[in-house]
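Working notes, structure below.
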Amino acid sequence: MGTRKYKVESLDDSCSAIEVERKIGTDGSPVEIIDFHAHIYPDKIAEKASQATGDFYSISPAHSGKSKELLESGKAAGISRFVLLPVATKPDQVRHINEFIADEVSAHKEFYGFGTLHPDCENILEETEHILSLGLKGIKLHPDTQQFNTDDKRLFEVFDYIQGKLPLLVHCGDKRFDFSHPRRLKNVIDNFPHLQVIAAHLGGWSLFDEAFELLKDENCYLDFSSTMMFLPPEQVEYYIHGYGAERILFGTDFPLWNPEQEVASFKKLRLTTEEFERIANKNALEILKTQ
């Protein structure tokens, strides 16, 4: 597997050209970083919910999942804005969770929110319309924890309805399950060509090579949350350049990981200034349709 090489010329004894580019963008201003993959929970259940997610992946979460903690840790890392991605494991949780996210977005200017759905909702289109009415920016699905196939036909009416209205972000990949295999997301993309799709975890957590082969030529974005601790930097760079930086989003997967460590790893990747800015904020702003 090859990697793209960059020549880094030292400007002085302590700072390289690449390091300077991480601080100053193409227009001479500081580079904003938007976290496109974060999770929060109501304070009273945050620690329990965060630990349950950690247990699912056999890891110890770095944080408890409270919104205040996300803002504080994100600020320390140099992140200015966050996209909240909720998951409902039962259909009767959907409306409550979506309204919680909408309230958090209203309370904190740094937050954008996606809504959650569940294929067992009695009136799934009504819940989809409610997401739109709340002003949320997209829909997040997690087939593995929600236990349904990404290309489950019960969701096809939703995918059709949100084409041109809302982006869809889907957890992708887990070698333990077939629910979120990247081939299933490819099937969705092929059936709904006008649906704006974001494949989490470089299209296939723990199935990175399979995802690359399936999705490299597809019309979708990809975030690289929960990847940098599992792959060497050269391999992350290989996937970014293979997919194209114009398709990649930065994400921390808070509260599982420490935002400061995630940003530090991101800044060490061998990317041009333009590529770094694209991934740090420009792609995110295009999807969110805001400035």
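The values are calculated or read from the model by the stated rules, or taken from the named source; none is laboratory data. Values in this document were obtained by computation on a predicted structure and should not be read as measured data. Here the Cβ positions follow ideal geometry from the backbone for every residue, glycine too, while neighbour counts run over all protein chains shown.
Quick notes on this structure:
- Selected residue [free of Cβ contacts under 8 Å to residues at least 60 places away in the same chain, within 26 Å of Ser265 (Cβ to Cβ) and hydroxyl-bearing (Ser, Thr, Tyr)] from Ser80, Ser106: Ser80
- Tabulated pairs, the range 25-45, first in contact (Cβ under 8 Å) with a residue 40 or more places away in the chain, second exposed (fewer than 13 other Cβ atoms within 10 Å of the Cβ), C-beta under 8 angstrom, 6+ apart or interchain: Val31/Lys23; Val31/Ile24
- For Phe156, the stated conditions do not hold, so it cannot be described as closer than 18 Å to Gly204 by Cα and among the aromatic types (Phe, Trp, Tyr).
- Where a residue in the range 162-186 is under 21 Å from Ala284 (Cβ atoms) and its partner, wherever it lies, is surrounded by fewer than 23 Cβ atoms within 10 Å (Cβ to Cβ) and of a type in the set (Asp, Glu), with Cβ under 7 Å and at least six apart: His171/Asp144
- Residue ID - farthest from Ile139 (Cα to Cα), chosen from residues in the range 50-102 that are part of a strand (DSSP E or B) and hydrophobic (A, V, I, L, M, F, W, C): Ile79
- Search result, residues across the range 214-260 that are more than 25 Å from Phe192 (Cβ to Cβ) and of a type in the set (Gly, Ala, Ser): Ser226
- Within the range 115-140, residues that are without any contact (Cβ under 8 Å) to a residue 40 or more places away in the chain sit with their Cβ atoms under 6 Å from residues that are surrounded by fewer than 14 Cβ atoms within 10 Å (Cβ to Cβ) and in a helix (DSSP H, G or I), at 6+ positions apart or across chains, in these pairs: Pro119/Arg154.
Residue-by-condition table, conditions (1) closer than 26 Å to Phe156 by Cβ; (2) among the aliphatic types (A, V, I, L, M):
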position	(1), (2)
Ser60	no, no
Leu71	no, yes
Ala77	no, yes
Arg81	no, no
Leu85	yes, yes
Pro91	yes, no
His96	yes, no
Gly115	yes, no
Asp120	yes, no
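- Helices (runs of 4 or more DSSP H) lying entirely in the range 138-197 (those with 1 or more residues that are surrounded by fewer than 13 Cβ atoms within 10 Å (Cβ to Cβ)): 156-162, 182-191
- Among the residues of this structure, His130 does not count as one that is over 24 Å from Asp209 (Cα atoms), in a loop (DSSP other than H, G, I, E, B) and not aliphatic (A, V, I, L, M).
- Residues of the range 132-156 satisfying the condition of being among the charged types (D, E, K, R) and either touching a strand residue (DSSP E or B) at 6+ places or on another chain (Cβ under 8 Å) or modelled with pLDDT under 95 (or both): Lys137, Lys140
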